[in-house]
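Have a look at the structure below, then the notes.
The values are calculated or read from the model by the stated rules, or taken from the named source; none is laboratory data. Bear in mind the structure is a predicted one, so any value in this text is a computation, not a measurement. Ideal geometry is used to build each Cβ from the backbone, glycine not excepted, and the neighbour counts take in all protein chains shown.
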Amino acid sequence: MIAYSSQKVKEGKIVKVEAQFDNVITKLKISGDFFLHPEEVLDDIEKTMLDLKRDVSFETLVLKIQNIIKNYDAQMIGISPESLALVIRETLK
């Protein structure tokens, strides 16, 4: 199944998520008008979500995103790990 979600998050930016999944996530593409620095952080977030179960918890998603942000010492502008996790969960419903 392929699903798509687009939301304006509480930080004010648009986040778009496209996911392909059956029981697990096989493809995930995140885009929007937010900023991540360095940019390759987004690639790692997408890759980290692969093979997670479709019903992965919000808390697990947030933790995985926070760990990547911390590892890169990255900056998220106009988005937070929680907001991104919410849009991902919405896409997987």
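Observations, loosely collected:
- Residues in the range 24-53 that are of a type outside the set (D, E, K, R), without any contact (Cβ under 8 Å) to a residue 40 or more places away in the chain and within 11 Å of Leu92 (Cβ to Cβ): Val24, Met49, Leu52.
- Matching residues, the range 54-75, being within 20 Å of Lys8 (Cβ to Cβ) and touching a strand residue (DSSP E or B) at 6+ places or on another chain (Cβ under 6 Å): none
- Any chance Val56 is part of a loop (DSSP other than H, G, I, E, B) and modelled with pLDDT of 95 or more: yes
- Count of the range 20-53 residues which are out of contact with any strand residue (DSSP E or B) (no Cβ under 7 Å at 6 or more places or on another chain) and part of a strand (DSSP E or B): 1
Residues checked against (1) basic (Lys, Arg); (2) within 11 Å of the chain's Cα centre (by Cα); (3) surrounded by 15 or more Cβ atoms within 10 Å (Cβ to Cβ):
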| residue | (1), (2), (3) |
| --- | --- |
| Val9 | no, no, yes |
| Lys27 | yes, no, no |
| His37 | no, no, no |
| Phe58 | no, yes, no |
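- Residues satisfying the stated conditions in the range 54-70, i.e. free of Cβ contacts under 8 Å to residues at least 24 places away in the same chain and either of a type outside the set (Lys, Arg) or closer than 19 Å to Val24 by Cβ (or both): Ser57, Glu59, Thr60, Val62, Leu63, Lys64, Ile65, Gln66, Asn67
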